[in-house]
Structure formats: structure tokens, C-alpha cells
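Structure, as C-alpha cells:
Read-outs throughout are calculated quantities, based only on the coordinates presented, and are distinct from any laboratory measurement. On a predicted model such as this, the values are computed, not experimentally measured, just so you know. So basically every Cβ, Gly included, is an ideal-geometry build from the backbone, and we count neighbours across all protein chains shown.
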Amino acid sequence: MTEWQYVGKIVNTRGIKGEVKVISMTDFPEERFAKGAVLYVHDEKTSSYLPLSVTNHSRHKQFDCLTFEHYRSINDIEKYKGASLFIPREQLSELKKGDFYYFQIIGLDVFADDGAHLGKIVEILSPGANDVWVVRSAGKDILIPYIKDVVKHVDVENKRVTVHLIPGLIDDEN
């Protein structure tokens, strides 16, 4: 069974020639939305995935603008407004050692280097220079910066992350 990776959402049409505005959820828009790339729109009614072949890609403000083969007018493409775009996970690019896709990290158990279980990663924030992993714990959420001084080991296969708790990461309320 194919596993699917979410790569964007069609939020609106643009013009009358079948172009759509997409909010991208991929780190590789140049590759993902390149001419000839195949994206799949999910049909929730039938739980099927319909292939769409990209014929043109451009940027406009915060949107990736796409046109697809066989969709030449606004009337052809308008039915996909609000639809999610996917690719099969096997089409994902190989990453450098130490880099991960978000879906590989979300859900992993987080342990301190002393063995204490801190919780599970439930979200990844990208506020600036480094990502911040949101760990749901028994108390309040813990924010773990993805930096080498804190994240010591990521084991995707065993769904486990080991972190070093530097002072200030966890508030001790005594």
C-alpha cells in the first residue's frame, strides 16, 4: 500500500487559464513543482489519488503557482480549490546524514540522557535559525531546540530521541 506525503494545498485559482495558487508544505518546491513532476490530488469521496502533471511553476507573493496538463481553464481546475496535494513517499529525496523529514520526527519518544522519558514529539516549529521540537509531557509542553548541544541522538527506526537538558530547558517550579 502506498504511503502518501502531503506537499501542499490548492487554495485558489489564479487568472482564467487553469493556474492555481498553492501553499507549499515541502522543503523542495523547485523539485516538487518542476515541469513534468506528478502530484496527486486526494479525492476524499472515493479515497483515491488523481495524478496531475505539472506544466508550469512560478512564484507569486507567498504562493507557488502551478498549471497542470489537460487543465487549460479556470472551469477545468476550479473543482480542486481546497484540495490537498500529495506524492508517494518513495519519491522523497534522500537527505544528508543528520537531516530528517518532519513526518519521521513527529511521534518519536524523547528521553533525557539520564534515561528519563520526557514525552513524545507532537509538532515541529520553524521560528528561525533552527527548528524547535514540541514535546508533549505529563506536565506542560517542552520546547527542544534542534541543536547539537541538545539533541544528541535521533533513532528513527526505534522511534527514539536522546536529548541533553541544558539549564533553562525545563522549568523547575519549586
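Computed over the chain with a Gaussian network model linking Cα atoms closer than 10 Å, the most mobile of 140, 81, 21 is 140. Reducing region 9-78 and region 86-165 to their Cα centroids gives an inter-centroid distance of 30 Å. Shape analysis of region 42-101 places it in the oblate category; the axes a ≥ b ≥ c from the Cα gyration tensor give an a/c of at least 1.5, with a/b not above b/c.
For the chain, the 222 nm mean residue ellipticity estimated from helices alone, with every DSSP H stretch of n ≥ 4 adding -39500 (n - 2.57) and the total spread over all residues, rounds to -1000 deg cm²/dmol.
Close amide H pairs (under 5 Å, H built 1.01 Å from N) link residue 68 with 55, residues at least 5 positions away or on another chain. Placing unit charges on the Cβ atoms of the charged side chains and taking the dipole of the chain about its Cα centre, the candidate lying farthest along the positive direction among 48, 129, 110 is 48. Residue-wise HN-Hα couplings along region 107-122, as the Karplus relation 6.51 cos²θ - 1.76 cosθ + 1.60 with θ = phi - 60° gives them from phi, are x, 6, 7, 10, 10, 6, 5, 8, x, 5, 7, 9, x, 10, 6, 10 Hz; Gly and Pro carry x. The mean sequence separation of alpha-carbon pairs under 8 Å and at least six residues apart, normalised by the residue count of region 57-174, gives a relative contact order of 16 percent. For the chain, DSSP calls about 90 percent of its internal beta bridges antiparallel. Amide H contacts for residue 83 (H built 1.01 Å from N in the peptide plane; partners 5 or more residues away or on another chain; cut-off under 5 Å): 10.
Given their separation in residues at 0.36 nm each and the Cα-Cα distance between them, residue 123 and residue 1 gain 41.3 nm when the chain is fully extended.
Assuming charge only on the beta carbon of Lys and Arg (+1) and of Asp and Glu (-1), the dipole of the chain about its Cα centre is about 840 debye to the nearest 20.
Computed with the Debye formula from one identical point scatterer per Cα of region 4-91, without solvent, the log10 of I(q)/I(0) at q = 0.13 Å⁻¹ comes to -0.35. Taken over the Cα atoms of region 34-164, the convex hull encloses 171 Å³ per residue. Coupling constants for region 139-149 follow from the phi torsions by the Karplus curve (6.51 cos²θ - 1.76 cosθ + 1.60, θ = phi - 60°), and in residue order they are x, 8, 4, 10, 9, 10, x, 7, 10, 5, 5 Hz; glycine and proline get x. Going by neighbour counts of Cβ atoms within 10 Å, the residues 43, 109, 64 line up, fewest first, as 43, 109, 64. The ellipsoid that matches the Cα gyration tensor of region 102-163 has semi-axes, each √(5λ) in whole angstrom, of 16, 13, 12, with the longest given first. Phi angles across region 36-52 convert, under the Karplus curve 6.51 cos²θ - 1.76 cosθ + 1.60 with θ = phi - 60°, into 3J(HN,Hα) values of x, 5, 10, 10, 10, 9, 8, 9, 5, 5, 9, 6, 10, 10, 9, x, 10 Hz, Gly and Pro given as x. Taking amide H as placed 1.01 Å from N in the peptide plane, the amide H of residue 118 sits under 5 Å from that of 110, 111, 112, each at least 5 places away or on another chain.
Neighbour counting of Cβ atoms within 10 Å sorts the residues 103, 33, fewest neighbours leading, into 103, 33.
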